[in-house]
1. Identify the residues of segment B:112-128 with backbone N under 13 Å of a label point that sits 7 angstrom from the Cα of A:Trp130 along the Cα-to-Cβ direction, or state none.
2. Just to be sure I understand the model, the point goes 7 Å from the Cα along the line to the Cβ. What's the resulting B:Thr162 to A:Asn188 distance in nm?
3. Highest mean first, what order results for A:220-230, B:346-356 on Cβ atoms within 10 Å?
4. If you place +1 on the Cβ of every Lys and Arg and -1 on the Cβ of every Asp and Glu, how big does the dipole about the Cα centre of the protein assembly as shown come out, in debye to the nearest 20?
5. For the protein assembly as shown, build the charge dipole from Cβ charges (+1 Lys, Arg; -1 Asp, Glu) around the Cα centre, then report which of B:Val259, A:Ser48, A:Pro172 sits farthest towards its positive end.
6. Expressed as an acute angle from 0 to 90° and rounded to the nearest 10, what is the orientation of the C-alpha long axis of helix B:32-50 relative to the principal long axis of chain B?
7. Do any residues of segment A:110-134 lose at least 50 Å² of accessible area when the full set of protein chains is present rather than just their chain alone, and if so which, with a 1.4 Å probe?
8. Over the heavy atoms of B:Asp266, what accessible area does a 1.4 Å probe trace out, to the nearest 10 Å²?
Amino acid sequence: MRARGDGRVLPVAIILLAILAIWYVGTYAMNAPFQRDLDRRGGVTRSSTDFFIATMTQPKPTLPAPHQVATNVFENTFLRKITSNRSLVYHAGVTLASTLLGFAIGTALGILIAVGIVHFVSLDRSLMPWLIASQTIPILALAPMIIVVLAAVNLTGLLPKALISTYLSFFPVAVGMVKGLRSPDLINLDLMRTYHASGAQTFWKLRLPASVPFLFASMKVAIAASLVGAIVGELPTGAVAGIGAKLLAGSYYSQTIDMFAALIAGSVVALLLVTAVDLASRVVQRRMGARTA
Amino acid sequence: MKSLQLWQPWVVLLLLGMAWLGLPFHSADPSPGLEATVFILLLLGAAAGAMPVPNWLRLIVLAVAPHATAWLLIRSLLERPGSADDSFFLALAAAWLLAWQLVALLSAVRCRRRDVQASLALIIPMLFGAWILLFWEAFTRGLGIPFILLPPPSAIFARLVTSLPVIAADVNQTIFKSVLVGYLLGCGAGFLVAILADRIPFMRRGLLPIGNMVSALPIIGVAPIMVMWFGFDWHSKAAVVVIMTFFPMLVNTVAGLSVTSSIERDLMRTYAAGYWQSLVKLRLPAAAPFIFNALKINSTLALIGAIVAEFFGTPVVGMGFRISTEVGRMNVDMVWAEIAVAAVIGSLFYGVIALAERSVTFWHPSFRSGRA
């Protein structure tokens, strides 16, 4: 594991540097026309170095330079009070809350559906095709309506957003758990039968433990999907709070730097969440006596 | 056919007993004729389910009784909206239990003939979907749920039929411009970069971890930025779709290109095949299942990307635009109609790719027939 990891660090670092370099070039190319226009109107003539610096420091650039975004993220993360409306931590917290709630409901629902599908043939035959079809539907399109409709019955705040996350996250869990609950070999199931184990005993002592690796693998997908659901769910609420709201507000006022900062914040949250699930999976599987791969 | 424990008929009798005590169905306007017909139909169904009758007879009765009951019950709501009583829903639940028994019987059918298998695989989910619609219709009409909250499916369908031209224009804008262009460009770019990464191992080692990481990120967030860069028309939506579809294609193609074993590649080398020959004749076909997997994932992502990007600004046409404006005007039936259309198109898109996969990767174990 370690040896393989070391072999990757250099290529990843170089490609990241290349992306950064392309980003700077892109910043210059995309901001230059506007800056030239600005200078012509203002009657300013600049040297080429000066001009280059000007494209990197516009207040509302078409494409903000990486250091502008980095400064914005740093300021809004560490230098502001967490309760402040401009703090990225505050907005990330709002999004995180609905992500986690939706993820929890979605995971519970997914496990429930999977247990049903494994134990009832008629559910397997009738529900499974719809489960798959439900994911070919661009369900995010429902987001504004769910929010508005639930607001009409005085249900606002966390739950409507969380419901969108739930819809996006239950499917990977359901499919993964169906696979996991069916993963015990025939020989293991036969062994349970020789012990005269009841259906419930087979479930708790064989099927459920066997499905744990599948559960964590699908939870990793589900939590990323859940975050996307939470962000999109914040769009139609009229930009109150959260990373999605920050994006929307940025697009209203052309605050590109703010939008990029919000994107970075969302990405950091996503990586933290996936890492957390990964860590939990390692701890649980070690406790269950699995060998580390 | 193995013998099944069937408990549904007895619960049906119990529910019917409770419904009997709670008569009439509609407190405002009782109709004894309807009630008598419903009870006779359901008793017939329960009898066929519980008594030792030939299987074909049981299937026919169970196919007819619950659905005729449901149709009668829902039709009775047309004249008396929002007046359904407890016993109405008890009778509907009894009908549903009979339908469940039908599904259980059909699921237990073991038949070698492929046409029977295929039609069963279609009928069973169809029954499930039909009952969801029936319950939806019965609850919204029977309880008089406000139209804004949840319109009944029949109203959505009526709206869909009357506003076909508007929806067609939206589909043209969103699907045939934003989604298709973005999908083709994004998948194509992902594929080409994957080939490039395959050619240069250094790039592969650097790109793969980054690609894997990016797939966990909420990429949809670039939508407002793309709208700002490329304007309100479909170009910005296509750009969002390109970005969303690029990484799944890249990661999957790179993974697929590495599945061939060294023994197969050595064979190509003994044939004196060059890089491109072994790529086209061996490694790309072997990677096809992975590539199709990416195409399938992307078909959903592309629709989501285009529709969500339209929330950030569009010309006055497009499915995302229609959804967000009609929600604001409380025309909820129109929103549901758009979503239904999006669902059908999403499923068709997916289905076309699945069919193409079947014909291209017919050699793959998951498609070879011979499974029982």
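The values are calculated or read from the model by the stated rules, or taken from the named source; none is laboratory data. None of the values given here were measured: they were computed from a predicted structure. Note: ideal-geometry Cβ built from the backbone for every residue, glycine included; neighbour counts use all protein chains shown. Quick note on the areas: whole protein, heavy atoms, side chains included, nothing else; ligands and nucleic acids left out. Shrake-Rupley method; radii C 1.70, N 1.55, O 1.52, S 1.80 Å.
1. B:124-128
2. Those two pseudo-labels are separated by 5.7 nm.
3. Per-residue Cβ counts within 10 Å, averaged per peptide and sorted highest first, yield A:220-230, B:346-356.
4. 2080
5. B:Val259
6. 60
7. Residues losing area: A:Ser122, A:Arg125, A:Ser126, A:Trp130.
8. 70
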